[in-house]
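Structure first, then comments.
The values are calculated or read from the model by the stated rules, or taken from the named source; none is laboratory data. The shown structure was predicted, so the numbers you read here are calculated from the model rather than taken from an experiment. Reconstructed Cβ throughout: ideal geometry from the backbone, glycine too, with neighbour counts over all protein chains shown.
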Amino acid sequence: MIKPKNIIFDFGGVLYDIDIPKTIEGFMELGFHDIPERYNQYHADPLFQQLEMGNITEQQFYDALIAISGNTVTAQQIRDAWNAMLLTYRTASLQLLPALQKQYRIYLLSNTNQIHYDVFSANITKETGYQNLEMLFHKAYFSHEIHLRKPNADVFEFVLQDAGLKSEETLFIDDSYNNIDAAKALGFKTHLMLPAERIELLGL
């Protein structure tokens, strides 16, 4: 395989440890028994999609779920369940990024939301010593800021145009097969991150 010129990294499951079942469990304990169908690693229903695309506010998200619950839960309970998936940075993986910046143009492309962004951004210096996540990339793209999300083709096309990249010269690394399949269809080189893999062991 010809060595790529650019690498686009996913965040959760690639550079940051997440445990989505913890969030599903937290919501089920609050009475949202259909949550596995509403939100999981490979699917998000319209409410969660709108949150991840920054089209509704944090409070609108809470209000919608409170209404669905019949006013039996609080915003704080929803926030705690939603944030339960957030674990820790993969510090050794992040430490590789400055060296990779000298070999490639590297980018971050993450489906996230303002609630999660506030948590992992607040914790990065304490956990890793880095001032912020964005400094480790030529540019970071967050779904709630660009109003686009994976696996839709338009988010990949946006990044290619904004960063001036060619898909065939770009390696995309993600832990969700549906995002990988979407990137592959657009001509990207791809790597599906398995749970036991770490980027520092990929030989980039």
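Kindly provide the set of residues from the range 108-118 that are among the aliphatic types (A, V, I, L, M) and part of a helix (DSSP H, G or I), ordered by number. Spell out the reasoning first.
Filtering the range 108-118 for residues among the aliphatic types (A, V, I, L, M) gives 108-109, 115.
Within the range 108-118, just I115 meets the criteria.
Quick one: which residue in M85, M28 is more than 20 Å from I173 (Cα to Cα), aliphatic (A, V, I, L, M) and in contact with a Ser or Thr (Cβ under 6 Å, 6 or more places away or on another chain)?
Answer to the selection: M85.
If you take the residues in the range 24-45 that are in a helix (DSSP H, G or I) and either charged (D, E, K, R) or in the same structural domain as K102 (by TED's automatic domain parsing) (or both), which one is surrounded by the fewest Cβ atoms within 10 Å (Cβ to Cβ)?
Per the criteria, the residue is E37.
Which residues, counting only those in the range 52-90, are at pLDDT 95 or above, surrounded by fewer than 16 Cβ atoms within 10 Å (Cβ to Cβ) and of a type in the set (V, I, T)?
The answer is T57, T74, T88.
Q131 fails exactly one of the following numbered conditions: (1) in a loop (DSSP other than H, G, I, E, B); (2) in contact with a Leu (Cβ under 6 Å, 6 or more places away or on another chain). What is the number of that condition?
So Q131 meets the others, but not (2).
Each row is one residue, and each column tells you yes or no for (1) surrounded by fewer than 18 Cβ atoms within 10 Å (Cβ to Cβ); (2) in contact with an Asp or Glu (Cβ under 8 Å, 6 or more places away or on another chain); (3) outside the structural domain of K139 (by TED's automatic domain parsing); (4) not in a strand (DSSP E or B).
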| site | (1), (2), (3), (4) |
| --- | --- |
| A92 | yes, yes, no, yes |
| Q95 | yes, yes, no, yes |
| Q103 | yes, no, no, yes |
| I106 | no, no, no, no |
| F120 | no, no, no, yes |
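Taking the range 106-119, which residues are under 29 Å from S167 (Cα atoms) and in contact (Cβ under 8 Å) with a residue 40 or more places away in the chain? Quick ask: steps written out before the conclusion?
Filtering the range 106-119 down to residues under 29 Å from S167 (Cα atoms) leaves 106-114, 116-117.
Listed by number, the residues that qualify are I106, Y107, L108, L109, S110, N111, T112, N113, Q114.
For the range 51-81, which residues satisfy the criterion of being hydrophobic (A, V, I, L, M, F, W, C), in a helix (DSSP H, G or I) and more than 21 Å from Y141 (Cα to Cα)?
Listed by number, the residues that qualify are F61, A64, L65, I66, A67, I68, A75, I78, A81.
Taking the residues in the range 140-170 that are assigned to a loop (DSSP other than H, G, I, E, B) and of a type in the set (A, V, I, L, M) as candidates, determine which candidate is nearest to K184 (Cα to Cα). Full working, then the answer.
To start, the set of residues in the range 140-170 that are assigned to a loop (DSSP other than H, G, I, E, B) comprises 147-152, 164-166.
Checking which are of a type in the set (A, V, I, L, M) leaves us with 148, 165.
Working: L148: 18, L165: 15 Å.
Of everything passing the filter in the range 140-170, L165 is nearest to K184 (Cα to Cα).
Restrict the check to the range 87-98 and report whether at least one residue is touching a Leu at 6+ places or on another chain (Cβ under 9 Å) and charged (D, E, K, R).
Yes: one or more hits.
Return yes when F11 is among the aromatic types (F, W, Y) and either in contact with a Leu (Cβ under 9 Å, 6 or more places away or on another chain) or touching a residue at least 60 places away in the same chain (Cβ under 8 Å) (or both) and no when it is not.
yes
Inspect all residues belonging to the range 165-177 and state whether any of them is among the polar types (S, T, N, Q), surrounded by fewer than 18 Cβ atoms within 10 Å (Cβ to Cβ) and over 18 Å from G13 (Cβ atoms).
No, the range 165-177 contains no residue that is among the polar types (S, T, N, Q), surrounded by fewer than 18 Cβ atoms within 10 Å (Cβ to Cβ) and over 18 Å from G13 (Cβ atoms).
Of the residues Y16, Y117, Y107, Y42, only one is at pLDDT below 95 and under 13 Å from the mean Cα position of the chain (by Cα); which?
Only one candidate passes the filter, namely Y42.
Restricting to the range 122-145, what's the tally of residues that are over 18 Å from I106 (Cα atoms) and under 13 Å from the mean Cα position of the chain (by Cα)?
Qualifying residue count, the range 122-145: 2.
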